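Worksheet: one structure, shown below.
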Amino acid sequence: MSDEEEILETDLSSDPSKAGTPSPARGEGNTELSREELLDKWKRTAADFENYKKRKEAEGPEMVQFAKELVVTKLMPSLQNLEQVLKYAPTDDKYKDWLAGLSGTIAQLEHDMEDLGLKKIITAGQTFDPNRHEAVEEQEGEPGKILSEIQPGFTLNDKVIIPAKVIVGKNN
């Protein structure tokens with residue numbers, strides 16, 4: 001079967017109103033249609049590519065933010081443990097240099113974490129906020145005010161990742 005017979009047969013089966021009308025063979029008379037189809041496909045591809053670029057540009061900062069959050073949340077327990085060690089470290093003179101080194105390490109780690117967007121939650125003298133603080137104990141004092149901090153809390157880019165553990169005042 002020749003190409004023309006194939007095209008004619010396709011036309012007969014697909015649209016009965018065109019029965020017996022041969023379709024133009026490839027390269028005969030349908031070049032304008034092909035140009036329009038090609039131009040349309042090209043425009044769609046160009047639009048798809050622009051959308052892809054915009055999507056990738058938007059994903060870039062999101063991926064960086066996700067990576068920062070992952071690093072900070074993985075290092076937070078270590079930082080908190082080091083701070084607890086420092087809080088209960090011996091005060092003897094023979095540990096003076098060791099404590100200075102530990103304090104410097106903690107300060108450097110805190111600075112690096114701040115560069116990633118981490119901030120300590122301020123608790124001293126603040127009103128208790130259940131979104132930012134976790135009350136671990138109540139003691140006599142001004143109701144709703146934080147009396148002392150047991151463990152610091154942290155925000156990452158204004159989102160609480162670890163609430164501050166605090167002692168809250170109450171009436172007796």
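The values are calculated or read from the model by the stated rules, or taken from the named source; none is laboratory data. In this text, all values refer to a predicted model and were calculated from it rather than measured experimentally. Glycine also receives a Cβ, built like all others from the backbone with ideal geometry; neighbour counts cover every protein chain displayed. Ligands, DNA and RNA are excluded from the accessible area calculation, which covers all protein heavy atoms including side chains. Shrake-Rupley method; radii C 1.70, N 1.55, O 1.52, S 1.80 Å.
Overview of values
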quantity: Qualifying strands (runs of 3 or more DSSP E) (wholly inside the stretch 128-172; at least 3 residues being farther than 26 Å from LYS68 by Cα and charged (D, E, K, R)); calculated: 133-140
quantity: GLU142 in contact (Cβ under 8 Å) with a residue 12 or more places away in the chain and not hydroxyl-bearing (Ser, Thr, Tyr); calculated: yes
quantity: Odd one out for ASP129 among (1) free of Cβ contacts under 8 Å to residues at least 12 places away in the same chain; (2) open to solvent by less than 50 Å² (accessible area, probe 1.4 Å); (3) more than 26 Å from ASN157 (Cβ to Cβ); calculated: (3)
quantity: Positions within the stretch 111-126 being under 25 Å from VAL71 (Cβ atoms), in contact (Cβ under 8 Å) with a residue 24 or more places away in the chain and open to solvent by 50 Å² or more (accessible area, probe 1.4 Å), in sequence order; calculated: LYS119, LYS120
quantity: Failed item, numbered, when THR105 is tested on (1) part of a strand (DSSP E or B); (2) open to solvent by 40 Å² or more (accessible area, probe 1.4 Å); calculated: (1)
quantity: Test set (1) surrounded by 10 or more Cβ atoms within 10 Å (Cβ to Cβ); (2) without any contact (Cβ under 8 Å) to a residue 12 or more places away in the chain; (3) within 20 Å of the chain's Cα centre (by Cα) - PRO77 fails condition number; calculated: (3)
quantity: Qualifying residue in the stretch 83-90 (condition: touching a residue at least 60 places away in the same chain (Cβ under 8 Å), of a type in the set (D, E, K, R) and either open to solvent by 60 Å² or more (accessible area, probe 1.4 Å) or more than 25 Å from VAL64 (Cβ to Cβ) (or both)); calculated: yes
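Condition check ((1) at pLDDT 90 or above; (2) within 30 Å of GLU62 (Cα to Cα); (3) open to solvent by 50 Å² or more (accessible area, probe 1.4 Å)) across all residues:
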{"residue": "HIS133", "(1), (2), (3)": "yes, yes, no"}
{"residue": "GLU137", "(1), (2), (3)": "yes, no, yes"}
{"residue": "GLY141", "(1), (2), (3)": "no, no, no"}
{"residue": "GLY144", "(1), (2), (3)": "no, no, no"}
{"residue": "LEU156", "(1), (2), (3)": "no, yes, no"}
{"residue": "PRO163", "(1), (2), (3)": "yes, yes, no"}
{"residue": "VAL166", "(1), (2), (3)": "yes, no, no"}
{"residue": "ASN172", "(1), (2), (3)": "no, no, yes"}
